[in-house]
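Working notes, beginning with the structure itself.
None of the figures in this text is laboratory data; all of them are computed from the coordinates on show. Note that the structure is predicted; figures quoted are calculated from it, not measured. FYI the Cβ positions are ideal-geometry reconstructions off the backbone, even for glycines, and counts take in every protein chain you see.
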Amino acid sequence: MTRTAVVLQHDPSIHLGNIRPVLEEHGYTLRVVDVRTEDVDAIDPTEADLLVVLGGEMGAYETEAYPFLAAEQRLLRARLGAERPTLGVCLGAQLMAGALGERVYRGDSTQIGFRSVEPTEAGRTSPVRHFAGVPVAQWHADTFELPASAVRLASSNDYSNEAFAIGDHALAVQFHPELTDEMHEQWVADGYNELDELAIDPDALRREREQHSARMQEASRAAFSEWLDGLDR
């Protein structure tokens with residue numbers, strides 16, 4: 001069976017990563033939309049079998065500087081209201097929360113590196129359980145209030161909302177399980193100025209990658225495969 005997935009991308013270096021082969025193995029034909037240049041308002045909010053909203057360097061609340069963010073939230077509001085399958089990663093998770101009327105805001109700390117996330121009781125019976133005991137890639141400084149219709153699936157020491165689900169049709173993760181080794185190296189190289197300002201050693205991030213990335217790749221494949229299988233059911 002051929003399915004369609006519309007992917008909202010904010011930066012070519014912040015792409016589907018290891019989620020792409022999982023989608024393709026599940027029969028999805030991918031349409032990647034560059035939200036910076038394409039008209040998000042022209043996308044039918046319910047037509048695609050799956051909508052994926054990826055990460056980005058901007059904040060979900062920066063709609064004046066980035067008008068496409070408001071368009072994305074309009075699209076998400078309509079899609080989630082129709083209970084159509086939706087996946088949000090980092091900024092995508094924040095945009096999902098914002099679309100449902102919740103506050104997205106600057107957090108108390110910037111998280112860059114591999115960090116542990118702890119599944120909640122609900123998370124331990126969800127696809128997010130595959131990340132238990134597996135440090136995952138983080139690269140963000142924003143957070144959000146949990147939507148009233150959502151169930152929290154994971155938290156960390158620094159942020160309570162690391163993953164949530166809405167029914168069986170929507171999944172959002174604040175971290176970056178999609179991050180391949182090649183993507184991570186590009187992010188580190190492109191982020192030297194930011195890392196220097198935060199006194200983060202790029203080589204320390206590389207060592208973390210060597211230690212934790214392989215397990216995260218496995219957990220990501222298991223989690224998203226299980227979630228997509230659940231959509232089929």
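Computed quantities for the displayed model
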| quantity | calculated |
| --- | --- |
| Trypsin sites (Lys or Arg not before Pro) within segment 100-207, DSSP loop, no more than 11 other Cβ atoms inside 10 Å | R103 |
| Unit charges on C-beta of K, R, D, E only; dipole of segment 3-232, Debye | 600 |
| Label-to-label distance, nm, for residues given as D229 and E194 (7 Å Cα→Cβ offset) | 3.5 |
| Order of I200, I112 - criterion: other Cβ atoms within 10 Å of each residue's Cβ, fewest first | I200, I112 |
| Ascending count of other beta-carbon atoms within 10 Å, so fewest first, for S109, S126 | S109, S126 |
| Helix-derived mean residue ellipticity, 222 nm - over the chain, DSSP H n ≥ 4, -39500 (n - 2.57), to 500 | -10500 deg cm²/dmol |
| At R0 = 22 Å, FRET efficiency that the Cβ-Cβ distance of R74 and R106 yields, to 0.05 | 0.40 |
